[in-house]
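The values are calculated or read from the model by the stated rules, or taken from the named source; none is laboratory data. Fair warning: this is a prediction, and the values are worked out from it, not measured in the lab. Every residue, glycine among them, receives a Cβ derived from its backbone with ideal geometry; neighbour counts consider all protein chains shown.
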């Protein structure tokens, strides 16, 4: 079993995707030990409690800097013997966490990375402003700076003429990111992800003879 913790913020829709996968035994090798939020009133906290998963708050207002807050987060993760960190709409800087959990942090982003790499601002709005016809989402290992490192999975999504930033964001979350996050975590827990340089290679599933 892989001991994992979810770092979540806000509504926690991606967290719910992981909780649902656990409920339906879609990731049998995953043991979700904790959900950690920076806000006590985040709905993600309620989702965790409703699912019977221990939920913790590490309030950034109690720390003088983002670095000290991230150090407290990293220490809590290490105290719980966490092997895998799952990012589910976590809105805070990761700080030192990626250095202590190298190649053990999985997240998603609502773009076919490296499209719009280095963009300052909302990539979904940029997709619509540039008239992009096909967009999508990416599941990845966080790099040392907390950004997109090795790409695990990607899924494309057609941009509709009537899309707004809100509708496209919802379709990307529900139609791409939630699925990619479940799949990436499942592959990790099954021991099927190998990192070769900057590439992530998915090993074939072993079959019984």
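Here is how the numbers come out for the structure above:
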{"quantity": "Filter result for the condition that a residue is in contact with a strand residue (DSSP E or B) (Cβ under 7 Å, 6 or more places away or on another chain) and closer than 26 Å to residue 199 by Cβ, over 87, 15", "calculated": "87"}
{"quantity": "Helices (runs of 4 or more DSSP H) within the stretch 113-209 that include 3 or more residues touching a helix residue (DSSP H, G or I) at 6+ places or on another chain (Cβ under 8 Å) and over 30 Å from residue 32 (Cα atoms)", "calculated": "123-129"}
{"quantity": "So residue 78, is it within 22 Å of residue 185 (Cβ to Cβ), part of a helix (DSSP H, G or I), without any contact (Cβ under 8 Å) to a residue 60 or more places away in the chain and touching a strand residue (DSSP E or B) at 6+ places or on another chain (Cβ under 9 Å)", "calculated": "no"}
{"quantity": "Check on residue 98, under 27 Å from residue 35 (Cα atoms), in a helix (DSSP H, G or I) and touching a residue at least 12 places away in the same chain (Cβ under 8 Å)", "calculated": "yes"}
{"quantity": "Pair list, Cβ under 6 Å, 6 or more apart: the stretch 179-197 residue under 17 Å from residue 3 (Cβ atoms), other residue assigned to a helix (DSSP H, G or I)", "calculated": "193/187"}
{"quantity": "Pair list, Cβ under 9 Å, 6 or more apart: the stretch 109-125 residue on the phi < 0 side of the Ramachandran plot and surrounded by 11 or more Cβ atoms within 10 Å (Cβ to Cβ), other residue modelled with pLDDT under 90 and part of a loop (DSSP other than H, G, I, E, B)", "calculated": "111/117; 111/119"}
